[in-house]
Amino acid sequence: MPGSTTYQRQIEKLVHRKGDVETVLVMSSLLEKTLKERWRAEGRGLGQMARNLQGQLGRGLEDDLRRFAGLRNKAAHEAESFRLYNRQQTIHRVAIIYARLQEAPKKPWWTILQQIGAALFGN
């Protein structure tokens, strides 16, 4: 995916010299911030935010977010025994998710109609 390599480098800098748990939590925070600010997601955590945007992100991206939310929960709740089996692959996958989240949010058709109506009729 174009751009994901750049994001991967940025994420690698963010998590450099961090343990596995902290790495996952930092990446989760990055995704949560993007979902809140760019997509206006609501919820307490990655899983709730992904569910809040159900149907807007596309099935593949929703699945990827839910899968990473599960990994994040495992890291948070099993911190003493948690290990990333393939750190680079995990960072790469998060970079792809992050790159896809940078694309413009898809607005529902009714929102587009409201905007057109407001522009035409001044409401």
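The values are calculated or read from the model by the stated rules, or taken from the named source; none is laboratory data. As the structure is a prediction and not an experimental result, all values here were calculated from the model. Because the Cβ atoms are built from the backbone with ideal geometry, glycine has one as well, and the counts that use them run over all protein chains shown.
A single entry from 43, 70 fulfils the requirement of being without any contact (Cβ under 8 Å) to a residue 60 or more places away in the chain and in contact with a helix residue (DSSP H, G or I) (Cβ under 6 Å, 6 or more places away or on another chain): 43. Which one is nearest to the chain's Cα centre (by Cα), of the residues in segment 27-37 that are surrounded by 15 or more Cβ atoms within 10 Å (Cβ to Cβ) and not small (Gly, Ala, Ser)? Result: 31. Look at segment 79-99: where a residue is under 18 Å from residue 62 (Cα atoms) and a partner is loosely packed, with under 14 Cβ neighbours inside 10 Å, sitting 6+ places away or on another chain with Cβ atoms under 6 Å, you get 96/1; 99/1. Taken over segment 50-72, the criterion of being touching a Phe, Trp or Tyr at 6+ places or on another chain (Cβ under 8 Å) and of a type in the set (A, V, I, L, M) is satisfied by 53, 57. Within segment 2-21, residues that are without any contact (Cβ under 8 Å) to a residue 24 or more places away in the chain have Cβ atoms under 7 Å from residues that are assigned to a helix (DSSP H, G or I) and aliphatic (A, V, I, L, M) in these pairs: 14/26; 18/26, counting only partners at least 6 apart in sequence or on another chain. Given 9, 83, 40, 17, which one is of a type in the set (Lys, Arg) and either surrounded by 14 or more Cβ atoms within 10 Å (Cβ to Cβ) or under 14 Å from the mean Cα position of the chain (by Cα) (or both)? Among 9, 83, 40, 17, only 40 is of a type in the set (Lys, Arg) and either surrounded by 14 or more Cβ atoms within 10 Å (Cβ to Cβ) or under 14 Å from the mean Cα position of the chain (by Cα) (or both).
Among the residues making up segment 80-107, those that are in contact with a helix residue (DSSP H, G or I) (Cβ under 6 Å, 6 or more places away or on another chain), modelled with pLDDT of 95 or more and not in a helix (DSSP H, G or I) are 82, 83, 84.
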